[in-house]
Structures are given as structure tokens and as C-alpha cells.
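What follows is a single structure, written as C-alpha cells, with notes after it.
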RNA sequence: GCCUCUGUAGUUCAAUGGAUAGAACGAAAGUUUCCUAAACUUUAAAUUUGGGUUCGAUUCCCAGCGGAGGUACCA
């Protein structure tokens, strides 16, 4: 049983004994004592004043006296205003540390037969362009969330929905046909996703030039409204866009030539994506393709129409009326019978539900889709998906650059592959400047630089509360000081170094016993206390759907350890018992740092 | 217009309704006979405004101001 739970129960008993009142254990406010005060746990006594009918100080003192008398773990207490600070005795802390040490899968909850099956959708790329910084945040959050949910005892299925059909991919295909001269990833040496992305840009360039040429001569003299109308007319006339539309129609009809081109080009893109995913360290258990789900969506919508959930307008378009839920009407099928985003999501949901006994569905999608998922939840519920009502839209904020929003038009999009290259290169430059890495093989150096560069990137993104928009500065993002991934990795590498040295000295830190009378400092107790919170941190991150909790915990632990490391000697302590204790503490800080960063998908190096 | 999210040091981020609002970067000043100085120690510096709820509000509620996103045939 955890020390916190025991404390809470004892407080409940104290209230019963002192004031003859029953309190709900959940209402007992037990928190970590702030650094400025002496003690480890603090009981807030304000809620008990009605029962005691005494001043806050008196009440706190009475409870303190009772606890000290009846609880051997409590060695002393002090009262400041309405706060009762409790000091836990050293042997208790030693026992907590040895418990952590002997627990191989410390902090992780094993799934059972009754554990919920959680499906997490993330990444969701379009096949017409490579992944960018926004996708990086999505992928890192999704993968970390999956790890955290699994660690908290859920059965997790990671899934991806690839947006592989539609006008956007036709644009790339058309541009490639027209201006590609048969270019392939092999012939150009380019990653497939980048190659396709280039033709998407190429299409846009020609298209805009074409639209411009179709504008009336007096365009500049028109007022704003007329300009808009003229532009819309020009866009509608554009032969290029019409060709792209024709291609989409032929695709839908299953034209073999178009399908073949589509398949070839998509395969190039997937090969490119796989490389990027691998580097990012993300993976999926099951991938769905929109080309395979959009027809299912139409079917499901028609079914809903028959059952009277939806209605048809005169022009043939199908709508859902969500007025009862306080929302608008929402389009589900266009008047020409083609599907929209919502239709596809319904179809994907249908297939997923067939494939897995889903209890909870989590969609990792940007916050610009908040409204979409609000509607999707209602629609899925109406259509009879049992998890529809409580689907979770893990909504994350946009990533902005110091110059403002990323815009593909203005070429300010940060490409995922370029970014990763830059991070690793930056790690190398910084390490060279510091004269690190001497005496290591090139292979080792490359591996460490990969770990550090990627760690810097991942940590920088994951430490921020997912819901918030964040600013990412590519130039200054690799800061190896402060609240950063490399700082945590550095701490881990130091710990490994200490343990190697201990091992070289023939110190066996296993099979040891602690005497109860060794003197350990408050700093060390504070570290043990942090270690003991690991499981709660995981559970909190899982219930809040927020990986940043884990990131900030790891930083806190690394920081505390660095301060301790600076102030105390680990290996040079002459007293055997204390030396072994410190080594055990060190070893377990390393263990938890590795587990914690592992949840975020961040590797830690043995040396750096 | 309407709906949703958001507002904390110069900057980037923290803070289950709890104590004197924490860190980091940047700024100023220090610490290498010492297990990795990518470290450590000091100093200066912040809750958008006005109400409400209560023992207590950065947190919850209402209103104003600022920022972001969405808003019916784009995904």
C-alpha cells in the first residue's frame, strides 16, 4: 500500500477519534510539502474546521499529535497556519526505495482481460506532399499518448488513416504527367513523398499563372467584390483544374490507366513516409486508406437516411440536422453524390468497429477540427456506435514559427525530414565545440548524435501542453541547457558513467541491506519521493491525455538529481551503507528517467 | 455576427481551489585539486481588466479587452 493512501486513512481515523465525525477519504487534501517548509506531506486542515470548531492552528496541532502517536512512519510534524506538515521517517523512505528497486516494471500497469481496448488514430497524412512540422507534433503526441495509455493498463491499437484519394493527389499526378518526363525517386534520387510534393507545387504554380491569364483586362480596376467574382469565374474555367477533375472522375470510375499511375505514385509516397516514420520512431498496428473507406461511409449515410436520422434536400444533397444538439445542419453527401470529409470518417469508423471491439476511440487531430469532431461524435452515436458518444478528440494546438503561421504558399513550411537533419547536425556542431565524443568510433558518434538531435526535437514539442498553440524556433530549438531533452539525456549518461565506475571498482550494489540509522539528506528524500510518484504521473497523463506531464516530470527528476550529484559524492563516500544507498538511488533515477523518456519516444544514450 | 479554445517574468513553458505564483532561456555576478562544466550557486523580473462565489481564486462563474481556430457542397 502506498504511503499516501496510508496517510489519508490515518487522517480519517484521526478525525473520527478526535471529533467523532466521518469524512470521505477522497476529501482529505494531502499534498507534497513545498520546498520552503519542513516536511514531506502536507494536510490542508481548513475543510475540518467545521468539525473541530477550533482555529486552524489548533486543529492542525491536534491532528499532528494524534498522527505522531499512532503512526510509526510519522517522525515529526509542524504547523503553519492551516497547514499540517508531516515528516516521514527515514526507514520508510529506504523501504520505498528498495521496493522501487526490486520492481522490474515499476510504474506500469499490466492490462487485464477487462481492460478497455483503446484505439488511437494519429498522423493522418495526405499523399500529395511530405510531412511537415505540424505532422511532427501530431505523430509525436500520438505515439507518446499510445505509450502512456498502454503503460496505464489499456489495450492499445495504433491506427492511421491515409488520405490517399481526392483532387489533391490528382493534381500531383497531372503535373507529373505533363512536366515530369518520367521522373522517379530512383532517377532523381529524391524521396518519393518529396518528389510528389514538388509536382503538387508545380501544379499550383501553373494553375495560378493560368488563372491570372484568364482574368479580365480591367481586373485591377474592379472593386473587391467584382474581383472575387472574376477570380472565381477564371478558376472555374481553368483547363488545368478541369483536367484534374476529369482525372478524379476517371479514378472513381476505376479507369485502369489512372489507377495504375495513382498506385505507382502513392507507393513512392508511402516509401518516403515509412522512412520519416522510422526516423521519428512512430509506428502503427493498422493502417486504413480513405480509398477503401469512403464508399463504406456513403453506404452508412444512406442507411441513416433510410432510418430517418438524416434528410435529403431538393438538389439531392444529404444533411444531418443537429439543431436538437444546438448545432447547425451538416452536409454529408454533396448534390452530385460524392462524399465529404465527414462521410469518410463515418466509413472509417464502420470498418474499425468491424475489425476491433473498440471501447474508446481517440483521434489525434489539430484543434481546427474541434467542430468536426463534435459533430462526428453525435453522428456516430446516432448511427449506433457505442463508443461514438465518448470519442475523444485529442485536440492539439498549431505550431507557429517566430515569423508567424506556416504557409505553404509562402514557402515557410518546415519540412519534417529537413528538420530532423538540422537537429542532428546541430547536435554534432554543439558537441564538437564542447570537445565531447573524443575516443568514440564514428559509428558511436553518429548514433549518439541521432539520439540527442531527435531527443531535443521530441522533448521540445512534447513538453508543451498539447492543447496550446506553440512557437517553434528551428534555430534556437536545440538548446542543450535548461528544460530540454539533451539535459535529461546528459543526466542519464552521467548516471551510467557512475554505475560503470562502481562496477569497475567491484562494488556490488545488489543484495545489500540498509541499516536504519544511516543519515540521508532532505535532497535525497525528495528524490525518492519523486520516484515514488512515477505511477501517479503516468495515470495522470493518461486521464488528462497529456504527455507534457511526463516530460515535465522527467525534467524535474533530472534537475533534482543534478543538484544532488553536485552536492554529494556517490562513489567517494567512505561509509559503506551510505555509499550503497546513494548508488541505489542513482541507479533508480536512471531507471525512471529511461522509462519516462521511453514513454515519450525519447531514447537515452549510455554516454554522450 | 455566432460558436470553441486561449491570455502568467523581456522570451518559451509550469502551477488536482491552497502557503511567499515555479522553472528554463536571455540579462547581471560567481563556482573547475572533485564520480561527465551539455553542470551547479546567487540577483533582477510576471497572473489582461472589472465584478462574483469562499476561510482562500492564476485556476470556478459573469462581463469587457487582446490572440488563435471554426462557421453548411475544401479536406
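Read-outs: derived from the displayed coordinates by stated rules, not from any lab. Values in this document were obtained by computation on a predicted structure and should not be read as measured data. So basically every Cβ, Gly included, is an ideal-geometry build from the backbone, and we count neighbours across all protein chains shown.
Data overview
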quantity: Difference of contour (0.36 nm per residue) and Cα-Cα distance, residue A:369 to residue A:17; calculated: 121.3 nm
quantity: Alpha-carbon Rg/Rh ratio, for the stretch A:93-148, with Rh computed the Kirkwood way; calculated: 1.23
quantity: Stretch gain in nm, segment residue A:237-residue A:50, where the contour uses 0.36 nm per residue and the Cα spacing is subtracted; calculated: 59.6 nm
quantity: In degrees, nearest ten, helix A:341-355 long axis to first principal axis of chain A (Cα); calculated: 60
quantity: Protection proxy ranking of A:134-141, A:158-165 - average other beta-carbon atoms within 10 Å, highest first; calculated: A:134-141, A:158-165
quantity: In nm, spacing of pseudo-spin labels at residue A:473 and residue A:213 (7 Å Cα→C-beta vector); calculated: 4.5
quantity: At R0 = 35 Å, FRET efficiency that the Cβ-Cβ distance of residue A:253 and residue A:544 yields, to 0.05; calculated: 0.15
quantity: Ratio of Rg to Rh over chain A (Cα coordinates, Kirkwood Rh, two decimals); calculated: 1.06
quantity: Relative contact order (%) - criterion: Cα under 8 Å, at least six apart; region: chain A; calculated: 14
quantity: Zero-based 5 Å bins, Cα pair distances in the stretch A:3-88, whole percents; calculated: 3, 17, 31, 30, 16, 4, 0
quantity: Cut-off 17 Å, label 7 Å out along Cα→Cβ of residue A:184, residues of the stretch A:259-279 by amide N; calculated: A:260-272
quantity: For the stretch A:140-181 and the stretch A:266-290, distance of Cα centres in Å; calculated: 7
quantity: Residue A:324 versus residue A:27: modelled label distance in nm, points set 7 Å from Cα along the beta carbon direction; calculated: 3.9
quantity: Size-normalised alpha-carbon gyration radius of the stretch A:165-283, reference 2.2 N^0.38 Å; calculated: 1.29
quantity: Using alpha-carbon coordinates, inclination of helix A:290-306 to the longest axis of chain A, degrees; calculated: 90
quantity: Potential extension, residue A:286-residue A:264 segment - 0.36 nm per residue separation minus Cα distance; calculated: 5.8 nm
quantity: Degrees, to the nearest 10: A:534-544 long Cα axis against longest axis of chain A; calculated: 30
quantity: Residue list for the stretch A:16-50, given a label point 7 angstrom along the Cα-to-Cβ vector of residue A:58 and an amide N cut-off under 17 Å; calculated: A:18-21, A:45-50
quantity: Alpha-carbon centroids, the stretch A:324-345 and the stretch A:299-313: separation in whole Å; calculated: 11
quantity: Förster radius 22 Å - calculated FRET efficiency between residue A:429 and residue A:607 (Cβ-Cβ, nearest 0.05); calculated: 0.70
quantity: Exposure proxy ranking, count of Cβ atoms within 10 Å, fewest first, for A:564, A:460, A:309; calculated: A:309, A:564, A:460
quantity: For chain A, calculated [θ]222 nm from helices alone, where every DSSP H run of n ≥ 4 adds -39500 (n - 2.57); calculated: -18000 deg cm²/dmol
quantity: Computed FRET value (nearest 0.05) for residue A:562 with residue A:114, which takes r as the C-beta separation and R₀ as 51 Å; calculated: 0.75
quantity: For the stretch A:418-599: rounded, prolate or oblate by the Cα gyration tensor [a/c cutoff 1.5]; calculated: oblate
